[in-house]
Amino acid sequence: RAELSMNPGMAATPPMRAGGGGRAAAVQLATKAADFLQRGSQVAVLEMGGWDSHTNQTLPNGATSNNLRALDASLDALRTGLQAGGLWQRTVVLVATEFGREVAMNGNQGTDHGSGGAAFLLGGAVRGGRVVADWPGLAKKDRFEGRDLRVTTDLRTAMRSVLADHLQVPRSHIDTSVLPGSAGLAPLDLLRSSAA
């Protein structure tokens, strides 16, 4: 499933869904998002489903590999569309998942739900080219409960940076309404100074 929720300014609107799913739908939605942003909106939210597989994740043409190719193609379409209108240099894209995966493969050549994961920040406004994390290691003794990649950075810190530093959402609003309970998190320096 690929879905695009297009938000003029910061106001929520019902998500748009593309039929058929897969790479073509993801690229189509990313292209629509770029067009939408070119017309003056500040935020577009794209959702790709189908990541919750627990089997055969190493197959070259399996669900996980195909989803990664669709994600790559959709991010490229978004970048291309925003570059055409000169917006890419002012853009921040946050790619995140709602859950992590276990470190070890299960008996079905897949992985089960876990704690730690990864998020990616890209765009011309991002101070990129680096990994921002405390790497805990993959040895069993270093894992959370002996099975999961240990969480070392709260995803909300990246979200706070994008919201406050890029979109200029007041921190008091982030603390009370958008990401309650996140006020005490140490800030991350993720954006170029000219982007703030």
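The values are calculated or read from the model by the stated rules, or taken from the named source; none is laboratory data. As the structure is a computational prediction, the values presented were derived from the model and not from experiment. Here the Cβ is made from the backbone with ideal geometry for all residues, glycine too, and neighbour counts use every protein chain on show. Protein only, heavy atoms only, side chains kept; ligands, DNA and RNA dropped before computing areas. Shrake-Rupley method; radii C 1.70, N 1.55, O 1.52, S 1.80 Å.
The portion of the accessible surface of the chain made up by carbon and sulfur, rounded to a whole percent, is 54 (1.4 Å probe; DNA, RNA and ligands excluded). Selection among Ser193, Gly50, Gly146 by position relative to the dipole of the chain gives Ser193 as farthest towards the positive end (Cβ unit charges, Cα centre).
Do any chymotrypsin sites (Phe, Trp or Tyr not before Pro) in region 88-135 lie in a DSSP loop with no more than 15 other beta carbon atoms within 10 Å, and if so, which? Show your work: numbers first, answer last.
Working: sites: Trp88, Phe99, Phe120; in loops: Phe99.
Qualifying residues, ordered by number: Phe99.
Counting only helical runs of four or more DSSP H residues, what would the 222 nm mean residue ellipticity of the chain come to if each run contributes -39,500 (n - 2.57) and the total is spread over all its residues? List each step's numbers first, then the result.
On the way: 3 runs with 46 residues, N = 196.
Taking each H run of at least 4 residues, the total per residue is -7500 deg cm²/dmol.
From most to least packed by mean Cβ count within 10 Å, the peptides 54-60, 121-127 give 121-127, 54-60.
Taking 8 Å as the Cα distance limit and 6 or more residues as the minimum spacing, I'd like the relative contact order of the chain as a percentage.
16
The residues of region 81-144 present an accessible area of 61 Å² per residue when probed at 1.4 Å with all protein chains retained. Quick one: longest stretch of the chain between exposed loop GluC sites (Glu not before Pro), exposed meaning at most 11 other C-beta atoms within 10 Å and loop per DSSP? By the stated rule (loop sites, at most 11 other Cβ atoms within 10 Å), 1-97.
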